[in-house]
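Taking it in order: structure first as structure tokens, then the write-up.
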Number of protein chains: 2
Amino acid sequence: MRGTIIHGPRDVRLEERPDPTIVDPTDAVIRTVAACVCGSDLWRYRGIQEVTRPTPIGHEYVGVVEEVGPAVTSVRPGQFVVGGFLTSDNTCPVCRAGAHANCQHGGGYDGCQAELIRVRNADGTLLATPEQPSEDLVPSLLALSDVMCTGWHAAVCADVRPGGTVVVVGDGAVGLSGVLAAAELGAGRIIAMSRHADRQAIAREFGATDVVAERGDAGVEAVKELTNGIGADSVLECVGTDESVVQALRSARPGGMVGWVGVPHVTDLPQEHMFWKNVGLRGGPAPVRAYLPDLLQRVWDRGIDPGKVFDLTLPLSEVAEAYAAMDERRAIKALLRP
Amino acid sequence: MRGTIIHGPRDVRLEERPDPTIVDPTDAVIRTVAACVCGSDLWRYRGIQEVTRPTPIGHEYVGVVEEVGPAVTSVRPGQFVVGGFLTSDNTCPVCRAGAHANCQHGGGYDGCQAELIRVRNADGTLLATPEQPSEDLVPSLLALSDVMCTGWHAAVCADVRPGGTVVVVGDGAVGLSGVLAAAELGAGRIIAMSRHADRQAIAREFGATDVVAERGDAGVEAVKELTNGIGADSVLECVGTDESVVQALRSARPGGMVGWVGVPHVTDLPQEHMFWKNVGLRGGPAPVRAYLPDLLQRVWDRGIDPGKVFDLTLPLSEVAEAYAAMDERRAIKALLRP
């Protein structure tokens, strides 16, 4: 089969690789229907994170079950399935507590930007659709593999409530998904921080009531003007830089909550601000399997269309161009079809 | 009247001071029935926080209303009242959001370890008891002024839920109050971290199901052994040192929540741990007025007895001994009677 290998900065290649096989009885092998490139894949592409040797890459996918191990009972060959960016057994104490991203037996993949994928912990990771999805649902189902669940996690961690005020810091695919999540959770006012017209448009389509283009102090002031002078009940931090995390914490009202899902590259959290302003911080990698049944149903019922974050679709053979387009911000998020 | 003045490290004196008067129409003047010494008062007593000039001290009290300003409508002279350690107007957007400790018009006191106290924002700060309390209720009503509401805030911020597992770091008056709060909120297992037999006894009386004397790594391991190997759903941080905050964060299970109310003296929050383990952190000064109606009712109905944290009662004239006893850990918390 063909799979994507990252060799170093700005060097991703689709190469011939051995077909994955069932190794453990709890494995499944999936024939990929769609995969995509994650903002976090770009760290290695950009050389921010070192690539020490050629490495299979990609962790988002939907596909059709090709084969299952003898212990797998919840999915069977031929079913269309969605799986999260980390596997989970859905039975350990951590999963039972709802924190599937931290599953005691979970882990990653040997590259999902590929034609075939080995999925460990198949029963605890995969969820099958009720029947074969129509073609137009594929992007939204794929979005559940990471980006939509990650935006949802930000909203849940930020304690978004019906009628509440929400700020979303970051207008990438996760931030936009966070806007959609906040809207689904009933937020009354959703302020998207964005300076790109195309992303602003999706944010509004997803439910943003206001858009603020300013950043830093000016951005915080603009948020306060829109929130009774005090800041938002809930802030979704979907970037992960020093500036964005501090801006998020300062955009929350006293007693408010920040949900952070942008992998943090922060030198120091402003703990004095957090404590004295009673601003909380919660988040991390999303427990996809916890959110999947609910969100898959919403997609299946065409209640939400998170696949709108994909503004570029390419054949898997053009994976290098998918990375380049995202790296150069010509695309928000690129979908790959084998 | 007589009021307590701190002059410098280990130098508190009861001195003659002018009687407080109504200054703003929203003021009340209270004749103190009981006051007490807070752990945070000890920072100045111990010289950790500088005293630049003689300063009135104390912020916890119950008393009888002596006089009210013309704008005060909710309390009247003769009523027995409880007020929080910070005043609040209970009407600004921040108070309406439930974060009374951060009230836009709130503030402190000109010393509550005194015979008379001026209370600004009387309507938004004070709550009257249904009638004059019997003497034995006074300590528990006084506890609502700070320590019990602070423990309650830790439990609320740590998202304590019915049946959940809870760790309380710190066995001072706030930590013990946190144990009581967790029990009232229905926690299934409450692990008190304590190495003092007298405090362990109160913790058990307040609802602790387990006591762990170890600290640091050994403490975290002991907690995990009691919590399915994963850590607690909720951790109440009631100390505020580097060691205790890190221990609290490490005692939470993946996806768990730490409520912090110990004023932090932390060099750096372990953000990598927080993010990758999905452990949240929320807290700060407690919004007393938000919790007061509920907690006052629980005390009035004799459902809880938070006043048990007072293990020393002295006349106000012996305020210096009250500080010394707490400083030397001869007392958990000292109650003062004018």
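The values are calculated or read from the model by the stated rules, or taken from the named source; none is laboratory data. A quick note: this is a predicted structure, and the numbers were derived from the prediction, not measured. FYI the Cβ positions are ideal-geometry reconstructions off the backbone, even for glycines, and counts take in every protein chain you see.
May I ask you to say which residue of A:Ala173, A:Ala182 is outside the structural domain of A:Leu296 (by TED's automatic domain parsing), crowded, with 24+ Cβ neighbours inside 10 Å, more than 30 Å from B:Val94 (Cα to Cα) and at pLDDT 95 or above?
Testing whether each residue is outside the structural domain of A:Leu296 (by TED's automatic domain parsing), crowded, with 24+ Cβ neighbours inside 10 Å, more than 30 Å from B:Val94 (Cα to Cα) and at pLDDT 95 or above leaves just A:Ala173.
Of everything in region B:24-43, what is out of contact with any Gly (no Cβ under 8 Å at 6 or more places or on another chain) and surrounded by fewer than 21 Cβ atoms within 10 Å (Cβ to Cβ)? Give them in sequence order.
Answer for region B:24-43, where residues must be out of contact with any Gly (no Cβ under 8 Å at 6 or more places or on another chain) and surrounded by fewer than 21 Cβ atoms within 10 Å (Cβ to Cβ): B:Ser40, B:Leu42, B:Trp43.
Output yes when any residue across region B:34-44 is more than 22 Å from B:Ala286 (Cβ to Cβ) and in contact with a strand residue (DSSP E or B) (Cβ under 8 Å, 6 or more places away or on another chain), and no when none is. Before the answer, list the steps.
Of region B:34-44, the ones more than 22 Å from B:Ala286 (Cβ to Cβ) are none.
Among the residues of region B:34-44, not one is more than 22 Å from B:Ala286 (Cβ to Cβ) and in contact with a strand residue (DSSP E or B) (Cβ under 8 Å, 6 or more places away or on another chain), which makes the answer no.
Restricting region A:206-227 to residues that are of a type in the set (Val, Ile, Thr) and assigned to a helix (DSSP H, G or I), which is nearest to the other protein chains (Cβ to nearest Cβ)?
A:Val223
B:Thr87 - would you say it is modelled with pLDDT of 95 or more and within 19 Å of B:Ala290 (Cα to Cα)? It would help to see each step written out before you state the result.
Values: modelled with pLDDT of 95 or more: yes; within 19 Å of B:Ala290 (Cα to Cα): yes.
Answer is yes for this residue.
Please pick out the residue among B:Leu249, B:Leu236 that is under 25 Å from the mean Cα position of the chain (by Cα), surrounded by 22 or more Cβ atoms within 10 Å (Cβ to Cβ), more than 7 Å from chain A (Cβ to nearest Cβ) and closer than 20 Å to A:Gly262 by Cβ.
Exactly one residue qualifies, and that residue is B:Leu249.
Give me a count of the residues in region B:220-233 that are surrounded by fewer than 23 Cβ atoms within 10 Å (Cβ to Cβ) and small (Gly, Ala, Ser).
Total meeting the criteria: 2.
Looking for whichever is in a loop (DSSP other than H, G, I, E, B), aliphatic (A, V, I, L, M), within 28 Å of B:Arg96 (Cβ to Cβ) and modelled with pLDDT of 95 or more here; the options are B:Ile304, B:Ile230, B:Ile332. Which one fits?
So the residue among B:Ile304, B:Ile230, B:Ile332 that is in a loop (DSSP other than H, G, I, E, B), aliphatic (A, V, I, L, M), within 28 Å of B:Arg96 (Cβ to Cβ) and modelled with pLDDT of 95 or more is B:Ile304.
Quick one: what pairs do we get from region A:277-301, first residue in contact (Cβ under 8 Å) with a residue 60 or more places away in the chain, second of a type in the set (Ser, Thr, Tyr) and buried (at least 24 other Cβ atoms within 10 Å of the Cβ), C-beta under 6 Å, 6+ apart or different chains?
Note: pairs meeting the criteria are A:Ala286/A:Thr150; A:Arg289/A:Ser88; A:Val299/A:Ser140.
Run down A:Gln104, A:Gln49 and say which single residue is more than 19 Å from A:Leu141 (Cα to Cα), at pLDDT below 95 and surrounded by fewer than 22 Cβ atoms within 10 Å (Cβ to Cβ).
Result: A:Gln49 is the single residue among A:Gln104, A:Gln49 that is more than 19 Å from A:Leu141 (Cα to Cα), at pLDDT below 95 and surrounded by fewer than 22 Cβ atoms within 10 Å (Cβ to Cβ).
Name the single residue that is farthest from the chain's Cα centre (by Cα) among those in region B:257-269 being more than 8 Å from chain A (Cβ to nearest Cβ) and surrounded by 24 or more Cβ atoms within 10 Å (Cβ to Cβ). Spell out the reasoning first.
Initially, region B:257-269 is screened for residues more than 8 Å from chain A (Cβ to nearest Cβ), giving B:258-259, B:261-262, B:265, B:267.
Cutting the leftovers down to surrounded by 24 or more Cβ atoms within 10 Å (Cβ to Cβ) gives us B:258-259, B:261-262.
Values: B:Val258: 17, B:Gly259: 14, B:Val261: 9, B:Gly262: 10 Å.
Only one residue fits best here, namely B:Val258.
Any residue in region B:91-106 that is within 7 Å of chain A (Cβ to nearest Cβ) and on the phi < 0 side of the Ramachandran plot sitting within a Cβ distance under 8 Å of a residue that is of a type in the set (Lys, Arg) and assigned to a loop (DSSP other than H, G, I, E, B)? List the pairs, counting only those 6 or more apart or interchain.
Close Cβ pairs satisfying both conditions: B:Asn102/A:Lys277.
Take B:Ala201 and decide whether it is surrounded by fewer than 24 Cβ atoms within 10 Å (Cβ to Cβ), under 23 Å from the mean Cα position of the chain (by Cα), at pLDDT 95 or above and not basic (Lys, Arg).
Spelling it out, B:Ala201 is indeed surrounded by fewer than 24 Cβ atoms within 10 Å (Cβ to Cβ), under 23 Å from the mean Cα position of the chain (by Cα), at pLDDT 95 or above and not basic (Lys, Arg).
Starting from region B:216-233, keep only residues that are on the phi > 0 side of the Ramachandran plot, then list their pairs with residues that are modelled with pLDDT of 95 or more and of a type in the set (A, V, I, L, M, F, W, C) whose Cβ atoms are within a distance under 7 Å, requiring at least 6 positions of separation or different chains.
Between residues of region B:216-233 that are on the phi > 0 side of the Ramachandran plot and residues that are modelled with pLDDT of 95 or more and of a type in the set (A, V, I, L, M, F, W, C), the close pairs are B:Gly231/B:Val223; B:Gly231/B:Ala252.
State all residues of region B:280-321 that are within 14 Å of chain A (Cβ to nearest Cβ), within 17 Å of the chain's Cα centre (by Cα) and at negative phi; if no residue qualifies, say none. Full working, then the answer.
Just the residues of region B:280-321 that are within 14 Å of chain A (Cβ to nearest Cβ), to begin with: B:280-291.
Checking which are within 17 Å of the chain's Cα centre (by Cα) leaves us with B:282-291.
Listed by number, the residues that qualify are B:Arg282, B:Pro285, B:Ala286, B:Pro287, B:Val288, B:Arg289, B:Ala290, B:Tyr291.
(1) surrounded by fewer than 17 Cβ atoms within 10 Å (Cβ to Cβ); (2) more than 9 Å from chain B (Cβ to nearest Cβ): which one isn't true of A:Glu272, the others all being true?
With (1) surrounded by fewer than 17 Cβ atoms within 10 Å (Cβ to Cβ); (2) more than 9 Å from chain B (Cβ to nearest Cβ) applied to A:Glu272, the lone miss is (2).
Do you know which residues across region B:80-98 are assigned to a loop (DSSP other than H, G, I, E, B) and in contact with a helix residue (DSSP H, G or I) (Cβ under 8 Å, 6 or more places away or on another chain)?
B:Gly84, B:Phe85, B:Leu86, B:Ser88, B:Asp89, B:Asn90, B:Thr91, B:Gly98
Assess whether A:Ser194 counts as being among the hydroxyl-bearing types (Ser, Thr, Tyr) and touching a residue at least 60 places away in the same chain (Cβ under 8 Å).
No.
Restricting to region A:186-205, name every residue that is part of a helix (DSSP H, G or I) and in contact with a helix residue (DSSP H, G or I) (Cβ under 9 Å, 6 or more places away or on another chain).
Across region A:186-205, the qualifying residues are A:Arg199, A:Ile202, A:Ala203, A:Arg204, A:Glu205.
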